[in-house]
Amino acid sequence: MSSLFTKIIQGEIPCHKVAESDTCFAFMDIRPVQNGHVLVVPKVEVDRFFDLSADQLADIMAFAQQVAGGIEKVFPCDRVGMSVIGLEVPHAHIHLMPINSLDDMDFKSPKGDSRPDYLKQVALQIAAAIKA
């Protein structure tokens, strides 16, 4: 059975896409911890992040670097935080979000705006910033 993220990648479930390559896909988290919270996933369905091959790991990190650059342009911040937790969905993924302190990555108390119109607008802004 396909994971939720595979269904998103294949267009079976709608998302607010930020970027896509031949091997990776980035989209807005619908339960954002912070505004600008993006998920980066490999297109290949692998449950555990470190079960990706060395080439796949290098590819997703380079892709995430581009997405992080777009996030920083749209959301001025001290850093773009990265977290690999992987318990929520059995498909390897990276959480990227603008942060100014460690508290900004508190998954227990999300502060981001989850309205679909807002997520759509932010996805478009980050996508444009990546291409700029």
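The values are calculated or read from the model by the stated rules, or taken from the named source; none is laboratory data. Keep in mind that what you see is a predicted model, and the values were worked out from it rather than measured. Cβ sites come from the backbone with ideal geometry, for glycine too, and all protein chains shown count toward neighbours. Accessible surface areas use protein heavy atoms only, side chains included; no ligands, DNA or RNA. Shrake-Rupley method; radii C 1.70, N 1.55, O 1.52, S 1.80 Å.
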So, Met28, is that one open to solvent by 60 Å² or more (accessible area, probe 1.4 Å) and at pLDDT 95 or above or not?
no
Are any of the residues in region 37-52 in contact (Cβ under 8 Å) with a residue 60 or more places away in the chain, surrounded by 15 or more Cβ atoms within 10 Å (Cβ to Cβ) and in contact with a Gly (Cβ under 6 Å, 6 or more places away or on another chain)?
yes
Look through Val80, Val67, Val122 and report the one residue that is within 14 Å of Cys24 (Cα to Cα) and of a type in the set (A, V, I, L, M).
Val67
Among the residues of region 55-98, write down those that are more than 17 Å from Ala129 (Cβ to Cβ) and over 14 Å from the mean Cα position of the chain (by Cα).
Asp55, Gln56, Leu57, Ala58, Asp59, Asp78, Leu87, Pro90
So is Pro76 out of contact with any His (no Cβ under 9 Å at 6 or more places or on another chain), modelled with pLDDT of 95 or more, within 25 Å of Asp113 (Cβ to Cβ) and part of a loop (DSSP other than H, G, I, E, B) or not?
no
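Here's the yes/no breakdown for (1) under 20 Å from Ser2 (Cβ atoms); (2) modelled with pLDDT of 95 or more; (3) assigned to a helix (DSSP H, G or I):
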residue: Asn35; (1), (2), (3): no, yes, no
residue: Val41; (1), (2), (3): yes, yes, no
residue: Asp55; (1), (2), (3): no, yes, yes
residue: Ala58; (1), (2), (3): no, yes, yes
residue: Ile71; (1), (2), (3): no, yes, yes
residue: Leu87; (1), (2), (3): yes, no, no
residue: Lys108; (1), (2), (3): no, no, no
residue: Lys111; (1), (2), (3): no, no, no
